[in-house]
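Here's the structure, in structure tokens; my notes come after.
Just so you know, all these numbers are worked out from the coordinates, no wet-lab data involved. None of these values were measured; they are calculated from a predicted model. No Cβ is skipped: glycine too gets one built from the backbone with ideal geometry, and neighbour counts run over all protein chains shown.
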Amino acid sequence: MTEPLRVLLADDQTLVRTGFRMILGADGIDVVAEATNGAEAVEAARRTRPDVVLMDIRMPEMDGLEATRRILTAPQAGEPRVIILTTFDLDRYVYAALSAGASGFLLKDVTPEYLVAAVRTVRTGDALLAPAITRRLVQRFARRGSDTASLHRDLASLTPRELEVLGLLARGLSNAELAGRLHLAETTVKTHVARILAKLGLRDRVQAVIVAYETGLVSAGEREDAARQTTGRTWTVAPAARGNRGATT
């Protein structure tokens, strides 16, 4: 990807937009548009076709969740990645954002370095949250009659091996750990994961984890010895001033 990274900022606070624009601009990231509410964000996304949208979750006229759904279902907007921004460190917002199709979640007091890294991460197609973090959220909020958009998919299109991979992925295993568990090459595991995402029409591993729980492939009360045995990288939701929250993948 040699093209400049193009970002849309959607937040009703001028100081937040100004600060983020300065941080991103200093790292060579182009802020192509700004919006003060969800409706403006939807229109700006259609007009500018950004690579990444930084979307406030609470805005007037239309909130960030509804704006995210509309942007990600509008062909005119291209295929942007959405990172949800909020000052509220509440799990229910994270789950709602991911169910709406967002690729990540950040608190507004994120450090400049992590903000830049997050934008670059989702631009490549990776999710900002590790499956282990999402697993905890899905266990807590899936199947509770939430008004969030469901990612339910028919798993009949998956092969037995792909179902096995999806089940382990939902427990938080990385590609390397999946390869070790299934005695496969890591490149083969990556191929299985890519096919799962393509068959189910999903954007990333985070959504795959949600689907695994919402379809009942993995149950919230199920023992997760596989996840407890993993020893991988530590991911954080956002390195905030008051402390980080992380999970092992």
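Results, tabulated for the structure shown:
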| read-out | value |
| --- | --- |
| Other-chain or far-sequence residues with amide H under 5 Å of Val53's (modelled H) | Leu8, Arg81, Val82, Ile83 |
| Two-site FRET efficiency, Glu113 against Asp63, from Cβ-Cβ distance with R₀ of 35 Å, rounded to 0.05 | 0.80 |
| Extension gain (nm, one decimal) between His183 and Arg47, 0.36 nm per residue minus Cα-Cα | 44.2 nm |
| Cα-based convex hull volume of segment 1-100 per residue, rounded to whole Å³ | 95 |
| Label-to-label distance, nm, for residues given as Thr191 and Arg92 (7 Å Cα→Cβ offset) | 4.5 |
| Extension gain (nm, one decimal) between Ala74 and Gln13, 0.36 nm per residue minus Cα-Cα | 19.4 nm |
| Average Cα contact separation per residue, segment 15-87, under 8 Å, 6 or more apart, as relative contact order % | 31 |
| Extension gain (nm, one decimal) between Ser157 and Ala39, 0.36 nm per residue minus Cα-Cα | 38.9 nm |
| Shape call, segment 1-49: gyration tensor on alpha carbons, a/c limit 1.5 | oblate |
